[in-house]
Structures are given as C-alpha cells and as structure tokens.
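Notes to accompany the following structure.
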Amino acid sequence: MKAKLHGGNGQPMVAYSDLTAANGDYTGPLGFEIGSRNNLRGPGYFDMDLGLGKTFPLWERVSLKFRGDAFDAFNHPNFDTPCTDITDANCEFGIIGSTVGTGESTRVLQVAARLEF
C-alpha cells in the first residue's frame with residue numbers, strides 16, 4: 001500500500017488526509033504489550049541515474065572515449081517517512097518534515113574524455 005501525500009504549496013506535507021482519524025487508529029504499546037510493527041508505509045523512493053558513452057577510433061592503436069553521466073537525472077524529490085511516534089510530543093503525527101537523498105538533493109552531471117593508446 002502506497003502513501004498518498006497531501007499538502008504542499010506552502011502547507012506542510014502530510015501522509016494522511018485526516019490526521020486526527022489516523023492518529024486514533026493507532027495505539028502505542030502499553031505495559032507488557034508488544035504492539036504492531038511495520039504497519040505504516042511512507043512514500044515511495046525513485047531515483048534514476050543515466051550514462052552515455054561513445055568511443056572514436058583515431059589511429060590504429062589510439063582511440064578517444066567520451067562519457068556523460070547524470071545522477072538523479074529527473075531531479076525527482078523523495079520525501080522522508082512521516083512521523084509515526086504518537087508518544088513523542090515534539091513529533092506531529094503524519095507530518096513529513098524532510099526529503100531524503102544520496103548526499104545530493106539535486107541533479108548532478110559529469111562528463112569525461114579519455115585518450116587510450
């Protein structure tokens with residue numbers, strides 16, 4: 001089951017359309033109760049890296065290689081999981097507070113040329 005994001009355009013991103021009803025559906029473990037695990041899902045993650053290369057033969061034993069790479073080619077934001085801790089007063093249930101990434105949050109391009117002999 002995928003989470004549907006609500007909000008944006010200056011409003012906080014939320015994972016549930018009605019936060020009060022969603023909060024009422026979940027209870028934290030009390031006493032010796034174990035509670036449920038992994039019952040909430042966050043938004044999906046999408047990342048596309050692309051590369052393109054071409055080799056040009058120049059002479060008998062010499063060639064020139066060009067290569068271009070694009071990391072996060074579509075510059076797609078990936079949202080973090082919403083706050084699911086109903087016992088933490090500092091955490092608003094269902095609110096998505098940040099994005100996740102692999103170090104860089106934007107598209108990265110690189111090109112290279114290599115002369116082989």
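The values are calculated or read from the model by the stated rules, or taken from the named source; none is laboratory data. Every value quoted in this text rests on a predicted model; they were computed, and no experiment measured them. Positions of Cβ are generated from backbone atoms using ideal geometry, with glycine treated the same way; all protein chains shown enter the neighbour counts.
Checked against the criteria, residue 84 does not count as loosely packed, with under 11 Cβ neighbours inside 10 Å and at pLDDT below 75. Of the residues making up segment 46-58, one or more are within 13 Å of the chain's Cα centre (by Cα), not in a strand (DSSP E or B) and not hydrophobic (A, V, I, L, M, F, W, C). Taking each residue of segment 61-80 that is at positive phi and looking for partners that are of a type in the set (A, V, I, L, M) and in a loop (DSSP other than H, G, I, E, B) with beta-carbon atoms closer than 9 Å, six or more apart or interchain, yields 72/48.
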